[in-house]
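Engineer: The following block contains the structure, expressed as structure tokens.
The values are calculated or read from the model by the stated rules, or taken from the named source; none is laboratory data. Small disclaimer: the values here were computed from a predicted structure and weren't measured. All Cβ positions, even for glycine, are placed from backbone atoms using ideal geometry, and neighbour counts span all protein chains on display.
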Amino acid sequence: MLGTQLAQLQEDTPVGLSDADTVVAGFDDALVSGFARVGDEAAAALAALADAVAGTPLGARVADAVDTVTAGGFRPDDLAVLAGARSALLGAAHDALLGRFDAAVGRDRALWTAPAGASAETSAASSAAGAWLHEVAVAGWRNVDHELLSAAGSPVEAALAEPRLRRLAVLLDGLAAELRASLPVATMPQVPARRWADLWTRAVLLAQDRTGPLDDGERVSGRLLPLGVDVHEHATAVQVQVHAVLEPSDGGPARLVRTAVAAGKVETITGPAVWRLLPAYPVLLAAVAQRRTVTVTRLPLRGGDLSWCESQARLGEHADPFATGRLLLADVTAAATAPLDRHPAAIAEPVLLEGYRMRKGDDGLTLDRDGQSIGIAVDRLPAAGPLTAALVTASTSCLGLARWDDGRWWVQPLAVQATVKRAPVEAHNGDWAEGVTDPKVAKAEARAGDAVAVLRERAGRLLRR
């Protein structure tokens, strides 16, 4: 990414972006107190939401839902309409920001097409999930209690039984667990209104989603060249997301894709130990740790998300991710984003930056190039890899993800090239996927013991009883 591209990216924000954010924030605040009794502020926020989509096909239905909710006699379907309006506003903001990014870097993007095989009816499991989410919205975040949260168990169990609803099941389970850990919410000094409203909205819309099974979609074969790894770690789960370039075997244009694998965990398993939770994916872990290509055969692809299957992947030759970025990243075709995934916080576009200087200031670490600057999100660096804030500060080349957060563009580093004590150093988030390579960190890990092995042994002992 050049200075001119940085300048074009950050010239000005899309028209209406701050207005859309204000409308969404008003709805989120109304959800804090709940819709059992809609006060004047909440009524004004709901009216603003209806006004924001008045000129769209959603306009009339949202206006009716707002009137019904304000009057106090509403059904789950009315809240689903409001969730759709909120999602539509954030989706429009996402599209505007991504359009600005594509124009700045010259990236081509495919058009989105609706998947075939939609069902005409929702299932009993999705209806049960919608009913629980309706009760949560009626109560509001401040008024949730153990009884309401315990009622999430049945919808989660029912949704887990249906493969196409497993995303909904995991989301419901995670939301309920996060709320349970925050009880009593009424005493919290500040409620994470945007985060919880995002989770609630997505769950409501997933409960309405009628698309076919997850394996529906395109099948692709070709050579996968990893660019970098984004590690998402939660107290009870870890997901490793690999961003890569796919060179299709049919000779088509190179495409940006990402693939992810995940595992459940406990809170005590953190840092490099999380890699030991993923022994079922030796090919993928070897590819990122050894920086090698992977030949994939007929893997399902939905949009830009590649469903990983070890049996359909074979390790290839060494491939330098920075060389991949320099040679291919400028001409790749990016995938369109599915409607339910359109959110400014979901933007994560691979970029290569070189020939810059890092500057520390009151606003954190900033990358400067040709008189232009962009923030560096060092707070997103995972503890599961060797990449540190010090290495990022000393770097001269960076593979990262362009993100939108807190009203500005940032770059989240995935890999850097730097000079430390006059010696060239290269570090990637996935370097420890097959084991820690830093002697000091390895020694500390050995002293701490293998928590994963201990927990597996204890679990096996319990199962043998």
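Engineer: Can you name every residue in segment 152-164 that is assigned to a helix (DSSP H, G or I) and at pLDDT 90 or above?
Structural biologist: The answer is G153, S154, P155, V156, E157, A158, A159, L160.
Engineer: Please state which one of A96, A129, A125 is modelled with pLDDT of 95 or more and crowded, with 19+ Cβ neighbours inside 10 Å.
Structural biologist: A129
Engineer: If you don't mind, another one. Anything in segment 314-334 that is of a type in the set (A, V, I, L, M) and either in contact with a Lys or Arg (Cβ under 7 Å, 6 or more places away or on another chain) or surrounded by fewer than 14 Cβ atoms within 10 Å (Cβ to Cβ) (or both)? List them, or say none.
Structural biologist: Going through segment 314-334, the residues of a type in the set (A, V, I, L, M) turn out to be 315, 319, 323, 327-330, 332, 334.
Those that are of a type in the set (A, V, I, L, M) and either in contact with a Lys or Arg (Cβ under 7 Å, 6 or more places away or on another chain) or surrounded by fewer than 14 Cβ atoms within 10 Å (Cβ to Cβ) (or both): L315, A319, A323, L327, A330, V332, A334.
Engineer: Right, another one. Hey, among the residues in segment 265-287 that are among the small types (G, A, S) and modelled with pLDDT under 95, which one's nearest to A384 (Cα to Cα)?
Structural biologist: The initial filter retains those residues of segment 265-287 that are among the small types (G, A, S), namely 271, 273, 280, 286-287.
Add one more test, that the residue is modelled with pLDDT under 95, and what stays is 271, 273.
Numbers: G271: 4, A273: 7 Å.
Here the residue is G271.
Engineer: Considering only residues that are polar (S, T, N, Q) and crowded, with 23+ Cβ neighbours inside 10 Å, which ones fall in segment 383-435?
Structural biologist: Across segment 383-435, the qualifying residues are S395, N429.
Engineer: How about segment 174-194: which of its residues are of a type in the set (D, E, K, R) and touching a residue at least 60 places away in the same chain (Cβ under 8 Å)?
Structural biologist: Answer for segment 174-194, where residues must be of a type in the set (D, E, K, R) and touching a residue at least 60 places away in the same chain (Cβ under 8 Å): just R194.
For every residue, the table says whether it meets (1) on the phi < 0 side of the Ramachandran plot; (2) modelled with pLDDT of 95 or more; (3) in the same structural domain as G222 (by TED's automatic domain parsing).
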position	(1), (2), (3)
L306	yes, yes, yes
G316	yes, yes, yes
A319	yes, yes, yes
F322	yes, yes, yes
G325	yes, yes, yes
A330	yes, no, yes
A348	yes, yes, no
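Engineer: Tally time: how many residues in segment 385-428 are in contact with a Gly (Cβ under 9 Å, 6 or more places away or on another chain), in a strand (DSSP E or B) and of a type in the set (G, A, S)?
Structural biologist: Of the residues in segment 385-428, 4 are in contact with a Gly (Cβ under 9 Å, 6 or more places away or on another chain), in a strand (DSSP E or B) and of a type in the set (G, A, S).
Engineer: In contact (Cβ under 8 Å) with a residue 40 or more places away in the chain and within 28 Å of S33 (Cβ to Cβ): does that describe A203?
Structural biologist: On the way: in contact (Cβ under 8 Å) with a residue 40 or more places away in the chain: yes; within 28 Å of S33 (Cβ to Cβ): yes.
It is true that A203 is in contact (Cβ under 8 Å) with a residue 40 or more places away in the chain and within 28 Å of S33 (Cβ to Cβ).
Engineer: Mind checking which residues of segment 65-82 are outside any loop (DSSP other than H, G, I, E, B) and either touching a residue at least 40 places away in the same chain (Cβ under 8 Å) or not assigned by TED's automatic domain parsing to the domain that holds V138 (or both)? Walk me through how you get there before you give the answer.
Structural biologist: From segment 65-82, those outside any loop (DSSP other than H, G, I, E, B) are 65-71, 76-82; that's our starting set.
Result: P76, L79, A80, L82.
Engineer: Let me ask another. Just need a number here: residues in segment 222-250 that are over 17 Å from A334 (Cα atoms) and part of a strand (DSSP E or B).
Structural biologist: Counting residues in segment 222-250 that are over 17 Å from A334 (Cα atoms) and part of a strand (DSSP E or B) gives 10.
Engineer: Another question, if that's okay. Could you tell me how many of the residues in segment 39-57 are at pLDDT below 95 and touching a helix residue (DSSP H, G or I) at 6+ places or on another chain (Cβ under 6 Å)?
Structural biologist: 0
Engineer: Also: Only one of V204, V245, V240, V191 is out of contact with any Ser or Thr (no Cβ under 8 Å at 6 or more places or on another chain), at pLDDT 95 or above, buried (at least 18 other Cβ atoms within 10 Å of the Cβ) and within 30 Å of A415 (Cβ to Cβ). Can you tell me which?
Structural biologist: Of V204, V245, V240, V191, the one residue that is out of contact with any Ser or Thr (no Cβ under 8 Å at 6 or more places or on another chain), at pLDDT 95 or above, buried (at least 18 other Cβ atoms within 10 Å of the Cβ) and within 30 Å of A415 (Cβ to Cβ) is V240.
Engineer: Still on this structure: Just to be sure, is D305 among the charged types (D, E, K, R), within 21 Å of the chain's Cα centre (by Cα) and under 20 Å from L227 (Cα atoms)?
Structural biologist: Working: among the charged types (D, E, K, R): yes; within 21 Å of the chain's Cα centre (by Cα): yes; under 20 Å from L227 (Cα atoms): yes.
Yes.
Engineer: Further question: Find the helices (runs of 4 or more DSSP H) located wholly in segment 1-64 whose residues include 3 or more that are touching a Lys or Arg at 6+ places or on another chain (Cβ under 8 Å), and list them.
Structural biologist: Working: elements: 3-9, 17-33, 40-52.
Here the list reads 3-9, 17-33.
Engineer: Let me ask something else. How many residues does segment 29-49 hold that are without any contact (Cβ under 8 Å) to a residue 60 or more places away in the chain, aliphatic (A, V, I, L, M) and more than 16 Å from G16 (Cβ to Cβ)?
Structural biologist: Step one: list which residues in segment 29-49 are without any contact (Cβ under 8 Å) to a residue 60 or more places away in the chain, which gives 30, 37-49.
Now restrict to residues that are aliphatic (A, V, I, L, M): 30, 38, 42-49.
Then drop every residue that is not more than 16 Å from G16 (Cβ to Cβ), which leaves 30, 38, 42-47.
Looking only at that region, the number is 8.
Engineer: Sort out which residues of segment 299-319 are more than 27 Å from A346 (Cα to Cα) and of a type outside the set (G, A, S), and write them in order of number.
Structural biologist: Scanning segment 299-319 gives Q312, R314, L315, E317, H318.
Engineer: For A262, only one of the following conditions fails: (1) modelled with pLDDT of 95 or more; (2) within 21 Å of the chain's Cα centre (by Cα); (3) part of a strand (DSSP E or B). What is its number?
Structural biologist: Only one criterion in (1) modelled with pLDDT of 95 or more; (2) within 21 Å of the chain's Cα centre (by Cα); (3) part of a strand (DSSP E or B) is unmet by A262, namely (1).
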